[in-house]
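Worksheet: one structure, shown below.
The values are calculated or read from the model by the stated rules, or taken from the named source; none is laboratory data. Bear in mind the structure is a predicted one, so any value in this text is a computation, not a measurement. Cβ: placed from backbone, ideal geometry, glycine included. Neighbour counts: every protein chain shown.
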Amino acid sequence: MKNLISFSNDLLLSETQQAALNEKAATLVLLEHLAEIDRRRLYAVRGYSSLWEYVHKALQYSESQAYDRVSAMRLMVRVPEVKEELQSGKLTLTTTAKLGAHVRRENLRPEAAIALLREVSGKPSREVERVLVAQSTAPRKIEQVKAITPERTRITIEVDREFLELVQKVKDLKGNPALAHQDVFKAAMQEFVKRRERTCAPEVKTTPSKPLVVAEQSQQTTMGSRYIPAGLRSFVRMRSNDRCEYVDPATRRRCESKSGLQFEHCKPFAKGGGHSPENLRHYCKAHNTLAAIEQYGRAKMQPYLRL
Ligand SMILES: [Zn+2]
């Protein structure tokens, strides 16, 4: 550590300038590393269910700092011109993250994203925000999540009329017009999770399960149903304690994800793997994807992976 007290004013100012440049360069290096980790899905290998979780927990950034870094990195991958803007200081990490979120939300094509990048380059954060809000076609969303106590969190959201009508419907169906909002949401979400987990169907078209399902369905006539018996599902669910069962072979870290869990065969059903506790695992989406890549190869899985 340098003894700054002995520095002249000129030296202190020039050293500070250099430190700021170093910090910008270091941010860029970090984003490049994150991009490669994301491409290799190394966060999943290390037992994290998302890149954001890896940045937050393994690299120990706060939740919002992790969000900014992941958002900025994704924009940098999509629009490589972001690199020089970051390097020159015309874009900060925060404004890049905001721009990245806007580009994703609006689903802008690369050329539109580059035009927007040029427009906000060099502008202060508040000005960038004004430009993005003015160009936003999506309805304004204000959401706040604030921890009140270790056990309680306050969530503030804006809702539309349809949402309120659904709330009322849940209250009617539960037969309790005075039901608290927390209980309404909890009941609706529990119902959703129960249904999803019962079906074990892929969530969206782009989930990596699709080729597994497609491949496995073609085997149904010769190898029996791919439907996993309810008792076996319950057994695996109890074994996993409704938590992703992936364990990083290097660090022994077990994934902490409890959402979007799916049953998967260690040896694919399509390749003769049967329904047995030993051949079934309960994985989150990230680890289901990782397993599919290991089984079928990156090239075959690429069309199903999120860009
Ligand atoms: Zn997982």
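Here are the numbers for this structure:
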| quantity | calculated |
| --- | --- |
| Residue count, region 77-94 (criterion: in a helix (DSSP H, G or I) and touching a Leu at 6+ places or on another chain (Cβ under 7 Å)) | 5 |
| Close pairs (6 angstrom Cβ cut-off, 6 or more residues apart or separate chains): modelled with pLDDT of 70 or more in region 130-156, among the charged types (D, E, K, R) and part of a loop (DSSP other than H, G, I, E, B) anywhere | none |
| Any chance Tyr43 is at pLDDT 95 or above and in a loop (DSSP other than H, G, I, E, B) | no |
| Residues that are within 14 Å of the ligand (Cβ to nearest atom) and part of a helix (DSSP H, G or I), drawn from region 267-292 | Lys285, Ala286, His287, Asn288, Thr289, Leu290, Ala291, Ala292 |
| Tally of residues being within 17 Å of Thr289 (Cα to Cα) and not aromatic (Phe, Trp, Tyr) across region 234-248 | 5 |
| Residue match in region 57-76 (condition: without any contact (Cβ under 8 Å) to a residue 40 or more places away in the chain, surrounded by 14 or more Cβ atoms within 10 Å (Cβ to Cβ), within 16 Å of the ligand (Cβ to nearest atom) and in a helix (DSSP H, G or I)) | yes |
